[in-house]
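In what follows, a structure is listed as structure tokens, so that the remarks can point back to it.
The values are calculated or read from the model by the stated rules, or taken from the named source; none is laboratory data. Keep in mind the model is a prediction, meaning the values are calculated, not measured. Neighbour counts run over all protein chains shown; Cβ positions are idealised from the backbone, glycine included.
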Amino acid sequence: MSEPQVQSPIAGNKGESEFVEYSRARQSMSRRIAESKATIPHIYLQVEADASTLVTAREEKRAEGAEAPTINDLVIKAAALALRNHPRANGTYRDGGIELHSRINVGVAVDTEDGSVTPVIADADRKPVAEIAAEVRSLSARARSGEITPPEQAGATFAVSNLGMLGITSSEPVVNPGQSAKLAVGAVTERPVVRDGRVEPGRVMTLDLSCDHRVLHGGEAARFLAEVKANLEDPESLR
């Protein structure tokens with residue numbers, strides 16, 4: 001008896017398909033992502049931050065009944081303060097040079113049904129964490145409800161993306177056109193850490209920085225990322 005004939009899949013034979021047209025907002029986002037990857041030479045850096053003190057401080061506030069900022073709120077502040085000392089990370093490559101911006105405006109990626117939307121926290125380095133937290137809550141709600149306006153998404157000089165809340169420990173974000181760097185925040189995980197030569201239980205999170213290599217070389221990017229890490233490991237500095 002001959003073996004049964006097994007038909008090979010035919011190219012394009014994927015069953016019934018449905019074409020879903022993107023909204024104008026998502027079409028625009030898709031174009032910007034493609035433009036970024038095609039025109040910006042990316043480099044990627046990663047560091048682990050000891051988040052034990054940060055998490056403990058938040059837990060103590062919540063135990064007192066106070067409204068504690070999220071990890072993301074604290075990362076925004078930590079990055080904004082570091083940008084003061086590393087202005088190239090707050091700049092834009094343009095026409096064979098770099099445009100350095102006087103204001104530090106941090107875009108915050110918000111996950112919505114229509115893709116990622118990025119409202120902007122203007123002058124984030126000058127605002128206390130409580131004000132940043134209130135703005136992020138308000139703008140995120142407006143983004144998810146579709147009420148956010150173009151001006152509320154304009155003028156970012158840097159961006160933060162946090163997939164840690166979805167359990168992702170590490171990612172390599174795409175730098176937004178008009179900016180030179182984007183920081184991705186990973187989930188806080190429990191892990192042994194070494195302190196003063198002793199192994200102790202701790203909480204660690206990964207910070208991934210994507211950079212425009214035309215603006216930031218490895219050393220500059222590394223020094224900036226090290227300062228963000230240092231700020232997060234010293235929550236008292238995040239006022």
Exercise. Being over 30 Å from residue 129 (Cβ atoms), of a type in the set (Asp, Glu) and either under 17 Å from the mean Cα position of the chain (by Cα) or in a helix (DSSP H, G or I) (or both), is that true of even one residue in the stretch 54-69?
Worked result: no
Exercise. List the pairs whose first member sits in the stretch 76-104 and is within 22 Å of residue 184 (Cα to Cα) and β-branched (Val, Ile, Thr), whose second member is modelled with pLDDT under 95 and outside any helix (DSSP H, G or I), and whose Cβ atoms are under 8 Å apart, counting only residues at least 6 apart or on separate chains?
Worked result: 92/178
Exercise. Within the stretch 182-196, which residues are in contact with a Gly (Cβ under 9 Å, 6 or more places away or on another chain) and closer than 19 Å to residue 36 by Cβ?
Worked result: 182, 184
Problem set entry | Conditions (1) in contact (Cβ under 8 Å) with a residue 24 or more places away in the chain; (2) in contact with a Ser or Thr (Cβ under 9 Å, 6 or more places away or on another chain); (3) charged (D, E, K, R): number failed by residue 125 | (2)
For this session: Tell me, yes or no, whether the stretch 161-173 has at least one residue that is in a loop (DSSP other than H, G, I, E, B) and farther than 23 Å from residue 204 by Cα.
Result: no
Problem set entry | Test set (1) touching a residue at least 40 places away in the same chain (Cβ under 8 Å); (2) closer than 21 Å to residue 68 by Cα; (3) aliphatic (A, V, I, L, M) - residue 209 fails condition number | (2)
For this session: Go through 180, 171 for me and flag whichever is farther than 25 Å from residue 68 by Cα and in contact (Cβ under 8 Å) with a residue 60 or more places away in the chain.
Result: 180
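Of everything in the stretch 182-213 that's among the charged types (D, E, K, R) and under 26 Å from residue 42 (Cα atoms), which residue is nearest to the chain's Cα centre (by Cα)?
Just the residues of the stretch 182-213 that are among the charged types (D, E, K, R), to begin with: 182, 190-191, 195-196, 198, 200, 203, 208, 212.
Next, only the ones that are under 26 Å from residue 42 (Cα atoms) stay: 182, 208, 212.
Values: 182: 6, 208: 8, 212: 15 Å.
Among those that are among the charged types (D, E, K, R) and under 26 Å from residue 42 (Cα atoms), it is 182.
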Seminar exercise, completed: Screening 228, 215 for residues that are in contact with a Ser or Thr (Cβ under 8 Å, 6 or more places away or on another chain), in contact (Cβ under 8 Å) with a residue 60 or more places away in the chain and not in a strand (DSSP E or B) leaves only 215
For this session: Residue by residue through the stretch 182-212, note down the ones that are of a type outside the set (Val, Ile, Thr), in a strand (DSSP E or B) and touching a helix residue (DSSP H, G or I) at 6+ places or on another chain (Cβ under 6 Å).
Result: 183, 202, 203, 209, 211
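How many residues does the stretch 11-53 contain that are in a helix (DSSP H, G or I) and among the polar types (S, T, N, Q)? Explain how you work it out, then say what you get.
Going through the stretch 11-53, the residues in a helix (DSSP H, G or I) turn out to be 24-39, 52-53.
Okay, now just the ones that are also among the polar types (S, T, N, Q), so 27-28, 30, 36, 39, 52-53.
So the answer is 7.
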For this session: Select, from 113, 147, 200, the only residue that is farther than 21 Å from residue 26 by Cβ and either in contact with a Pro (Cβ under 6 Å, 6 or more places away or on another chain) or charged (D, E, K, R) (or both).
Result: 200
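Take the stretch 113-172 and flag every residue that is basic (Lys, Arg) and either surrounded by 16 or more Cβ atoms within 10 Å (Cβ to Cβ) or more than 17 Å from the chain's Cα centre (by Cα) (or both). Before you say what the answer is, go through the steps one by one.
Taking the stretch 113-172 first, the residues basic (Lys, Arg) are 126-127, 137, 142, 144.
Of everything in the stretch 113-172, those that are basic (Lys, Arg) and either surrounded by 16 or more Cβ atoms within 10 Å (Cβ to Cβ) or more than 17 Å from the chain's Cα centre (by Cα) (or both) turn out to be 126, 127, 142, 144.
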Exercise. Which of the residues that make up the stretch 102-112 are surrounded by fewer than 17 Cβ atoms within 10 Å (Cβ to Cβ) and either at pLDDT below 95 or of a type outside the set (Gly, Ala, Ser) (or both)?
Worked result: 103, 111, 112
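Quick one: is residue 70 crowded, with 16+ Cβ neighbours inside 10 Å and at pLDDT below 95? If you could, list the steps in order and put the result at the bottom.
Numbers: crowded, with 16+ Cβ neighbours inside 10 Å: yes; at pLDDT below 95: yes.
Yes; evaluated as a whole, the condition is true for this residue.
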